[in-house]
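Here's the structure, in C-alpha cells; my notes come after.
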Amino acid sequence: MKSQITSRLDRLESHLAHVEKQVEELNDVIIDQARTIKRLQTITGRLRDSVETTEIDRIKSTNPKPPHYQ
C-alpha cells in the first residue's frame, strides 16, 4: 500500500514540476509580448504624429493664404 501511495505522490510531484516549468515559460512569453506591444505602440504613435504633420503641411501648401493674411 505504501508503495502505491509513494508512486502516486512521485507522479504528482513530477507533474507539478512540469506545470511549474510551463507557467514560468508562459510568463516569460507574456513579458516578451508586453515589451513588444509597448515598443509597437511607441512606433505607431510616432508614425501617426508624422503622418498628421505631413498631412497638415500638405493641406497648408495646397491652400494658400488669402492676400490679406500674408
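No lab work stands behind these numbers, since they all come straight from the coordinates. In this text, all values refer to a predicted model and were calculated from it rather than measured experimentally. Heads up, the Cβs are rebuilt from the backbone with ideal geometry, glycines too, and the neighbour counts pull from every protein chain shown.
Could you check, for the range 44-58, whether at least one of its residues is of a type in the set (Val, Ile, Thr) and exposed (fewer than 10 other Cβ atoms within 10 Å of the Cβ)?
Within the range 44-58, none of the residues are of a type in the set (Val, Ile, Thr) and exposed (fewer than 10 other Cβ atoms within 10 Å of the Cβ).
Can you tell which of Ile5, Ile37 is surrounded by 10 or more Cβ atoms within 10 Å (Cβ to Cβ) and in a helix (DSSP H, G or I)?
Exactly one of Ile5, Ile37 is surrounded by 10 or more Cβ atoms within 10 Å (Cβ to Cβ) and in a helix (DSSP H, G or I), namely Ile37.
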